[in-house]
Amino acid sequence: MKQWFAVIGDPIAQSLSPCMHDEWLKENGLDASYVPIRVPRGTAADGISSLRLLGCSGWNVTVPHKSDVMPHLDRIDGQAARMGAVNTVIREADGTLTGANTDGSGFVRALEEVYGPNRKNDEILLIGAGGAAKGIAFALEENGYGHMTVTNRTRERAELLSSRLDRSAVLTIEEAEEQLGRFGIVIQTTTVGMSYSEAGVPLCLDSLEPGTAVIDIIYNPLETEFLKRARARGAETTNGVGMFVHQGALAFERWTGIRPDTAGMIRRLTQQLEEDHVNE
């Protein structure tokens, strides 16, 4: 039977995953397809049941289902269990379903692709304490990165994430703004600045030091207002395309055993997003 893969979420029409995975399937000569499927909020159980029945070979999971799918899978990988979120489901040879999360590992691959592996001793400021921040924080810790400080509009959420890390601290947004100069890596994980979401920046960058690595995991737009302001202060800025591609590549590898071309895909998606912006 022909293999097919999917991404589920609500909404789902905006997802670039089908474009990315279809291209990788084609490049690697695989007779398979990848489709977006809208699974309405609150219906994750029905969605998983349908995908099982229809023989889907594996699928990605995006908002709002990353936690909701977990009780309906047969096994959860370690990092996904720690995060409390699944973004990739693998159908094993025996038909059972394994939930994994490639977000954090994808971020680390993207980070080291741009900055190399030599910034592990830098002080890290993590802006946000949601699902994406959790995955990134745990993956950084597992890969030997140093002390992390979490800041978030809701301090309680920041404290909850910090309590699950070995070497971390919490700052209010105001404290983080004042102490920004001591961080070598600043990672923005909130939706502030995303197209069709909240405009603006999550915190003031007046104290940012030149040469700081500033990463915004948003990829649409390619350069958020946060990155523009950071670049103007001499920071080395990176958008979220690399993380998006690398987390997808890790899922593709789990499904097919093939490591796809990530460098070419980053160039392709960047060009597509640039063209889309020009044509808006």
Can you tell me which residue among Gly116, Gly104 is closer than 25 Å to Met265 by Cα and free of Cβ contacts under 8 Å to residues at least 24 places away in the same chain?
Gly116
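Can you find even one residue in the range 174-194 that is among the aliphatic types (A, V, I, L, M), surrounded by fewer than 19 Cβ atoms within 10 Å (Cβ to Cβ) and touching a residue at least 40 places away in the same chain (Cβ under 8 Å)? Can you show your working first?
Of all residues in the range 174-194, those among the aliphatic types (A, V, I, L, M) come to 176, 180, 185-187, 192, 194.
Next cut, surrounded by fewer than 19 Cβ atoms within 10 Å (Cβ to Cβ) only: 194.
Next, from what is left, pick out any that are touching a residue at least 40 places away in the same chain (Cβ under 8 Å): none.
No: zero hits.
Within the range 1-23, which residues are aromatic (Phe, Trp, Tyr) and either at positive phi or out of contact with any helix residue (DSSP H, G or I) (no Cβ under 7 Å at 6 or more places or on another chain) (or both)?
Residues of the range 1-23 that are aromatic (Phe, Trp, Tyr), as a first pass: 4-5.
Within the range 1-23, just Trp4 meets the criteria.
Among the residues of the range 127-137, how many are surrounded by fewer than 22 Cβ atoms within 10 Å (Cβ to Cβ) and farther than 17 Å from Val201 by Cα?
Kept after step one, since they are surrounded by fewer than 22 Cβ atoms within 10 Å (Cβ to Cβ), are these residues of the range 127-137: 130-131.
Checking which are farther than 17 Å from Val201 by Cα leaves us with 131.
Matching residues across the range 127-137 total 1.
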Every residue from the range 242-262 that is within 17 Å of Val61 (Cβ to Cβ) and among the hydrophobic types (A, V, I, L, M, F, W, C):
Met243, Phe244, Ala249, Leu250, Ala251, Phe252, Trp255
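Condition first: among the basic types (Lys, Arg) and farther than 12 Å from Gln188 by Cβ. Now tell me which residues in the range 229-246 satisfy that. Talk me through it step by step, then tell me what you get.
Of all residues in the range 229-246, those among the basic types (Lys, Arg) come to 229, 231, 233.
Result: Arg231, Arg233.
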Does Lys26 qualify as being closer than 30 Å to Arg268 by Cα and in contact with a helix residue (DSSP H, G or I) (Cβ under 7 Å, 6 or more places away or on another chain)?
no
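Can you confirm whether Glu141 is of a type in the set (D, E, K, R), under 24 Å from Ala263 (Cα atoms) and either within 19 Å of the chain's Cα centre (by Cα) or crowded, with 16+ Cβ neighbours inside 10 Å (or both)? Give the steps one after another, and end with the answer.
On the way: of a type in the set (D, E, K, R): yes; under 24 Å from Ala263 (Cα atoms): no; either within 19 Å of the chain's Cα centre (by Cα) or crowded, with 16+ Cβ neighbours inside 10 Å (or both): yes.
Considered against the rule, which asks whether it is of a type in the set (D, E, K, R), under 24 Å from Ala263 (Cα atoms) and either within 19 Å of the chain's Cα centre (by Cα) or crowded, with 16+ Cβ neighbours inside 10 Å (or both), Glu141 comes out as no.
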Unique residue being surrounded by fewer than 16 Cβ atoms within 10 Å (Cβ to Cβ), among the small types (Gly, Ala, Ser) and either in a helix (DSSP H, G or I) or free of Cβ contacts under 8 Å to residues at least 40 places away in the same chain (or both) when the list is Ala249, Ala263:
Ala263
Suppose we filter Ala169, Ala176, Ala158 for residues that are closer than 23 Å to Leu111 by Cα and touching a His at 6+ places or on another chain (Cβ under 8 Å); which single one remains?
Ala169
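Which of the residues that make up the range 230-246 are crowded, with 16+ Cβ neighbours inside 10 Å, not in a helix (DSSP H, G or I) and not basic (Lys, Arg)? Break it down into steps so the answer makes sense when it comes.
Going through the range 230-246, the residues crowded, with 16+ Cβ neighbours inside 10 Å turn out to be 230, 233, 235, 237-246.
Keeping just the survivors that are not in a helix (DSSP H, G or I) gives 233, 235, 237-240.
Within the range 230-246, Ala235, Thr237, Thr238, Asn239, Gly240 qualify.
Do the conditions hold for Val278, that is, is it over 21 Å from Arg119 (Cα atoms) and modelled with pLDDT under 95?
Working: over 21 Å from Arg119 (Cα atoms): yes; modelled with pLDDT under 95: yes.
Answer is yes for this residue.
The values are calculated or read from the model by the stated rules, or taken from the named source; none is laboratory data. Computed from a prediction, not measured in an experiment: that's the story for all the values here. Heads up, the Cβs are rebuilt from the backbone with ideal geometry, glycines too, and the neighbour counts pull from every protein chain shown.
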